[in-house]
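Reading through the structure tokens given below for one structure.
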Amino acid sequence: MTEDRTKLLWPKLAAAVRAAREARGLSQVALAELAGISEGSVQNLEDPSRRPGRIPPSLAKVEPHIGWAEGSGVAILKGGEPTPAPVTHEASASLRGGRDRLRGKLPLRIVDELESDDPLLDSAVIQLPGTKGVRMTVVVHGQPDATPEEIQEALLAWRRAESKLQGLTHDDEDPPAANDA
């Protein structure tokens, strides 16, 4: 027997996805990038007038990025509520498997920061100027109790800093003068 999809609560899901995305301070574009889907897919999930014939695969892809456990979207469609995802991120999940190896290679303060349960806002790998293959890795954590406005402010501050760091790769090879520091 097949499920009657006409009784699914698509408007409730649309409102919940939008609210969860906004609570995390994410734009539709940012969520799409995190989830590896198109911006249009995010827009479709948030459109209360849409009634797709099937549950879109994009729903499962956005769940971890808006703080939901797997299957939360389907639960909402059936009248339930989302289940919060456990507080973790990909960096700490991968570190747990290789903790001893990393602890042998990195200072403990770095490993502790990478294993932090603070929300991961972004990361970057930046090529250092004047080198072949030497790069810097940056992990940006936010405050665990940050408001959406504070997260947005932190992301904007990171974007400004990232732009300056990326600019290093385009500067001349001359070191900055003492009063430029």
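Residue count for the stretch 127-164 under the criterion of being out of contact with any helix residue (DSSP H, G or I) (no Cβ under 6 Å at 6 or more places or on another chain), open to solvent by less than 60 Å² (accessible area, probe 1.4 Å) and of a type outside the set (Val, Ile, Thr): the result is 11. In the stretch 152-167, is there at least one residue being within 18 Å of residue 27 (Cα to Cα) and in contact (Cβ under 8 Å) with a residue 40 or more places away in the chain? Within the stretch 152-167 (the criterion being within 18 Å of residue 27 (Cα to Cα) and in contact (Cβ under 8 Å) with a residue 40 or more places away in the chain), the answer is yes, since at least one residue qualifies. Based on what the data block shows, is residue 134 within 25 Å of residue 26 (Cβ to Cβ), without any contact (Cβ under 8 Å) to a residue 40 or more places away in the chain and among the hydrophobic types (A, V, I, L, M, F, W, C)? In short, no.
The values are calculated or read from the model by the stated rules, or taken from the named source; none is laboratory data. All of these numbers come straight from a predicted model, not from anything done at the bench. Heads up, the Cβs are rebuilt from the backbone with ideal geometry, glycines too, and the neighbour counts pull from every protein chain shown. For accessibility, only protein heavy atoms count, side chains too; no ligands or nucleic acids. Shrake-Rupley method; radii C 1.70, N 1.55, O 1.52, S 1.80 Å.
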